[in-house]
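Here's the structure, in structure tokens; my notes come after.
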Amino acid sequence: MQFTNLNDFLAMGTHGFYVWLSFGITFALLFALIYSSKRKNKQVKNAIIKRQLREKKLKKAAQLQKESISTSKSKEVSS
Amino acid sequence: MWKWLHPYANPEVSYHFAGKLIPWFKYLTILLLSIGLVWVLLFVPADYQQGNSFRIFYIHVPTAILSLSIYSTMAVIAFCGLVWQLKLADASVAAIAPVGAVFTAIALITGAAWGRPTWGVWWIWDARLTSELILLFLYLGVIALHSSFSDKSQGGKAASILTLVGVINIPIIKYSVEWWNTLHQGQTVTKLGAPSMASEMYWPFLVCFFGFVCFLGWIISLRFRTEVLSRNAMRPWVKSVAELSEKK
């Protein structure tokens, strides 16, 4: 252990400001990178799921339309 | 001989491979960087000339070395991508560039904070510092090119070409301390076999260095997976992957 008490540790000789500035900014940037990488991953996955749901909806709607057209046609034929 | 590599050209295989790597890198990062942090802040002796500001060395030097290695790696991948038209290469370059930019920024900021007590100035326009700043702009340029085309393969190509042009900067950074007179000191740790450092200062450096390497592996794998997903959004396997992660 290089320091005898907490004040010594925080002061770092006379270089406390520079040492803590460096370590603080470094770890802030690393955590920001972790956070943004995870968030982007989630966003991309959500976008894929959203698009998938929309496609399903569109397919269903198209099918319904097709069915209604064919039933109305068959009605016309029967009448 | 290289045939075992072939399956990894398939995005699905690479995606799952990167996923297997992530936990290893993640826990090694946490382990190594926490050991390194405690060791460096509490137990490493202060330098007899620089005092406690020497502790900045353990962040500054690994990130600066790695900012160059990351760029070289990115350039090799970009070259292969351009020559052999590998789609995964674009995804890798897009995944690597932001991480490289952060490491370069850390190297520059910690360098400034170390320079103030040691040289008396925050910044000086000498060869080493200026070329490292250009490296940061190259990374930012690659990121910008990737996101400024609506067609991703077009943007990937442009970014890869910029990456290759920027390679000229790498030897300039590396040898700037030998070619020009500068305040920046020469190399201490990369002299192969014989680092000019005391071993009680060198071992914690190695721990920090490999901690940062694992951090790179972790974040690059994570970002690579994101890029692969967004580039293959229409494939059935991607849909099932996205669904699975939703359920968790």
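Before we move on, is B:K26 under 30 Å from B:A9 (Cα atoms), within 12 Å of chain A (Cβ to nearest Cβ) and open to solvent by 40 Å² or more (accessible area, probe 1.4 Å)?
Values: under 30 Å from B:A9 (Cα atoms): yes; within 12 Å of chain A (Cβ to nearest Cβ): yes; open to solvent by 40 Å² or more (accessible area, probe 1.4 Å): yes.
For B:K26, the condition - under 30 Å from B:A9 (Cα atoms), within 12 Å of chain A (Cβ to nearest Cβ) and open to solvent by 40 Å² or more (accessible area, probe 1.4 Å) - is met.
Out of B:L140, B:L135, which single residue is open to solvent by less than 20 Å² (accessible area, probe 1.4 Å), at pLDDT 90 or above and either within 14 Å of another protein chain (Cβ to nearest Cβ) or assigned to a helix (DSSP H, G or I) (or both)?
Values: B:L140 fails: open to solvent by less than 20 Å² (accessible area, probe 1.4 Å).
Answer to the check: B:L135.
Which condition breaks for A:K75 when tested against (1) closer than 28 Å to B:G111 by Cα; (2) surrounded by fewer than 10 Cβ atoms within 10 Å (Cβ to Cβ); (3) more than 7 Å from chain B (Cβ to nearest Cβ); (4) of a type outside the set (S, T, N, Q)?
(1)
List pairs: first residue in region A:17-29 and within 7 Å of chain B (Cβ to nearest Cβ), second residue among the small types (G, A, S) and crowded, with 18+ Cβ neighbours inside 10 Å anywhere in the structure, Cβ distance under 7 angstrom, at least six positions apart or on different chains.
From region A:17-29, the pairs are A:Y18/B:S53; A:Y18/B:A113; A:V19/B:S53; A:L21/B:A113; A:S22/B:A113; A:L29/B:A105.
Yes or no: region A:10-18 includes at least one residue that is of a type in the set (S, T, Y) and either over 22 Å from B:W218 (Cα atoms) or open to solvent by 40 Å² or more (accessible area, probe 1.4 Å) (or both).
Yes: one or more hits.
So which of B:S92, B:S69 is more than 14 Å from chain A (Cβ to nearest Cβ), farther than 23 Å from B:N232 by Cβ and assigned to a helix (DSSP H, G or I)?
B:S69
Give me the pairs: first residue in region B:107-124 and within 9 Å of chain A (Cβ to nearest Cβ), second residue at pLDDT 90 or above and open to solvent by 30 Å² or more (accessible area, probe 1.4 Å), beta-carbon distance under 7 Å, and six or more apart or on different chains, which are they?
These pairs meet every condition: B:I109/A:I25; B:A113/A:L21.
Out of (1) under 30 Å from B:M201 (Cα atoms); (2) of a type outside the set (S, T, Y); (3) surrounded by 10 or more Cβ atoms within 10 Å (Cβ to Cβ), the odd one out for A:L6 is which?
(3)
Could you grab the pairs with beta carbons closer than 6 Å, sequence gap of 6+ or different chains, first residue in region B:65-93 and touching a residue at least 40 places away in the same chain (Cβ under 8 Å), second one not in a helix (DSSP H, G or I)?
Pairs found: B:A75/B:V167.
For the subset of region A:1-16 comprising residues that are assigned to a helix (DSSP H, G or I) and more than 8 Å from chain B (Cβ to nearest Cβ), which member is nearest to B:L216 (Cα to Cα)?
Across region A:1-16, the extreme among qualifying residues is A:L10.
Would you point out the residue of region B:72-87, among those that are open to solvent by less than 30 Å² (accessible area, probe 1.4 Å) and of a type in the set (A, V, I, L, M), that is nearest to the other protein chains (Cβ to nearest Cβ)? Full working, then the answer.
Filtering region B:72-87 for residues open to solvent by less than 30 Å² (accessible area, probe 1.4 Å) gives B:74-75, B:78, B:81.
Subsequent filtering for residues that are of a type in the set (A, V, I, L, M) retains B:74-75, B:78.
Working: B:M74: 16, B:A75: 21, B:A78: 21 Å.
Checking each candidate, the answer is B:M74.
The values are calculated or read from the model by the stated rules, or taken from the named source; none is laboratory data. Nothing here was measured: the structure is a model prediction, and the numbers come from that model. Cβ coordinates were reconstructed from backbone atoms using ideal geometry, including for glycine residues, and neighbour counts include every protein chain displayed. Side chains are part of the model used for accessible areas, which takes the heavy atoms of the whole protein and leaves out ligands, DNA and RNA. Shrake-Rupley method; radii C 1.70, N 1.55, O 1.52, S 1.80 Å.
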